[in-house]
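Participant: This is the structure I have questions about; it appears just below.
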Amino acid sequence: MRKVFLLATLLLIGSINEASAQSKWISLFNGRNLNGWFVRGNAKWYVKDGVLTGDDGMGHIYTDVTATDFEFKGMFRISGEKSNSGFYFRAVPPADNPDGFPRGYEAQICHNQEAHTGWLWKPGKPTGKAIKLLTLDGEWFSYRIMAEGNSIKFWINDTLVMTYEDDEYKTGHFAIQGHNPGMKIEAKELYYRNL
């Protein structure tokens, strides 16, 4: 009887440790340099005062890591003329044009069009509508994303703004978009955890 109890206890501890390891937040950005990222396109990417910054053109910066089912959290700020950006997930550079728009999901970051910050985009197409715009140019805001199976949810400043179900893209990189000259996207405190 004691052996059975001891075995059950050890199995329980092992499963708790495994679940705990899977739920730990992992940093995507070290705040010092672009280690762990790769660039496609013409945008300029650099680190200034602990902030990942992109400007001066169209392009994307991808994480080396990939994820399937995850929760993400990060801080973003966008500014400049015709400011338009996005945070991609389950994304890959297109094989036919590595500098083009990723194939994957985009959490929109844009305050000057109808499909604004909080909308879900698929390549070239607004897909999941955000309930309202909660952000302004030049102001930091938090983005939280949960993607599990076909369920996708976005929170802006801790307010749930978008839910959608889609299973086209299953796994891929995280990426940040620089959409056009004259705009700047800034990001910091970027973390994810596997679900």
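The values are calculated or read from the model by the stated rules, or taken from the named source; none is laboratory data. Just so we're clear, the structure is a prediction, and the values are computed from it rather than from any experiment. Every residue, glycine among them, receives a Cβ derived from its backbone with ideal geometry; neighbour counts consider all protein chains shown.
Participant: In the stretch 131-154, how many residues are surrounded by fewer than 21 Cβ atoms within 10 Å (Cβ to Cβ) and farther than 15 Å from Phe89 by Cα? It would help to see each step written out before you state the result.
Facilitator: Pass one, the stretch 131-154, residues surrounded by fewer than 21 Cβ atoms within 10 Å (Cβ to Cβ): 131-134, 136-142, 144, 146, 148-151, 153.
Next, from what is left, pick out any that are farther than 15 Å from Phe89 by Cα: 131-134, 136-142.
Of the residues in that region, 11 qualify.
Participant: Another one. Those residues that are in contact with a Gly (Cβ under 6 Å, 6 or more places away or on another chain), within 18 Å of Ala67 (Cα to Cα) and aromatic (Phe, Trp, Tyr), I need them from the stretch 157-193; list them, please.
Facilitator: Matches in the stretch 157-193: Tyr169 only.
Participant: One residue is enough: does the stretch 129-150 have a residue meeting the conditions more than 16 Å from Ser85 (Cα to Cα) and in contact with a Gly (Cβ under 6 Å, 6 or more places away or on another chain)?
Facilitator: For the stretch 129-150, residues more than 16 Å from Ser85 (Cα to Cα) and in contact with a Gly (Cβ under 6 Å, 6 or more places away or on another chain): absent.
Participant: Can you tell me which condition His179 does not meet? The list is (1) at pLDDT 95 or above; (2) crowded, with 16+ Cβ neighbours inside 10 Å; (3) closer than 22 Å to Thr63 by Cβ, and all the others hold.
Facilitator: Answer for His179: the failing condition is (1).
Participant: Same structure, new question: Given the condition modelled with pLDDT of 95 or more, outside any loop (DSSP other than H, G, I, E, B), surrounded by fewer than 16 Cβ atoms within 10 Å (Cβ to Cβ) and among the basic types (Lys, Arg), answer yes or no: does some residue in the stretch 44-57 qualify?
Facilitator: Yes, the stretch 44-57 contains at least one residue that is modelled with pLDDT of 95 or more, outside any loop (DSSP other than H, G, I, E, B), surrounded by fewer than 16 Cβ atoms within 10 Å (Cβ to Cβ) and among the basic types (Lys, Arg).
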